[in-house]
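Participant: Structure in structure tokens, see below.
Since every read-out is calculated from the coordinates, none of them should be taken as a lab result. Predicted, not measured: the structure shown is a model, and the values here were computed from it. Virtual Cβ from ideal backbone geometry, glycine too; neighbours counted across all protein chains shown.
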Amino acid sequence: MGTQADRSAAQPSLKTRLLLGLLCGGIGMFIILSYVGVIPDSSVGRCRAIFCDPYHWQVLSFGIAFLSTGLAFVIPPTWPRLGRLASIGVLGGFVAGLVGTFFFR
């Protein structure tokens, strides 16, 4: 059995969790806002990427996954149910995006 000191040493500090949450949540918000059209698409010419514009549902699912990852970092460990809900959002977003990328091109 681990003691309380062992468990607290494994937990990242609040500052680290907030920084990671802002980074992942900011990436997720940028992707979602690009999908919605708030951030305009300025791509011109030929595109060699999988998605040439940000208006695919797979892009939205990756944005939801990144936003859920940011929330999972910020949610305190004392709220396990909300943490599980954020984890389901992370897994659901990444799985839906990957499945959509590989099977629905």
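Participant: Around I39, which amide H atoms from residues at least 5 apart in sequence, or from another chain, sit under 5 Å from its own amide H, with H modelled in the peptide plane?
Facilitator: S34
Participant: Report the calculated FRET efficiency for F30 and T78 (r = Cβ-Cβ distance, R0 = 41 Å), to the nearest 0.05.
Facilitator: Details: r = 30 Å, r/R0 = 0.72.
Efficiency for this residue pair is about 0.85.
Participant: If you count, for each residue, the other Cβ atoms within 10 Å and average over each peptide, how do 28-35, 57-64, 95-102 line up from highest to lowest?
Facilitator: Averaged packing, sorted descending, gives the order 57-64, 28-35, 95-102.
Participant: Fully extended, how many nm does the chain gain between L18 and V99 (0.36 nm per residue separation, minus their Cα-Cα distance)? Working shown, then result.
Facilitator: Working: separation 81, 0.36 × 81 = 29.16 nm, distance 3.02 nm.
Going from the current span to full extension adds 26.1 nm.
Participant: Taking θ = phi - 60°, what integer Hz values does the Karplus form 6.51 cos²θ - 1.76 cosθ + 1.60 yield along region 71-87, in sequence order, with x for Gly and Pro?
Facilitator: Ordered by residue, 3J(HN,Hα) equals 5, 5, 6, 7, 5, x, x, 7, 10, x, 5, 5, x, 5, 5, 5, 5 Hz.
Participant: Given labels modelled 7 Å from the Cα in the Cβ direction, how far is it in nm from Q11 to S87?
Facilitator: 1.6
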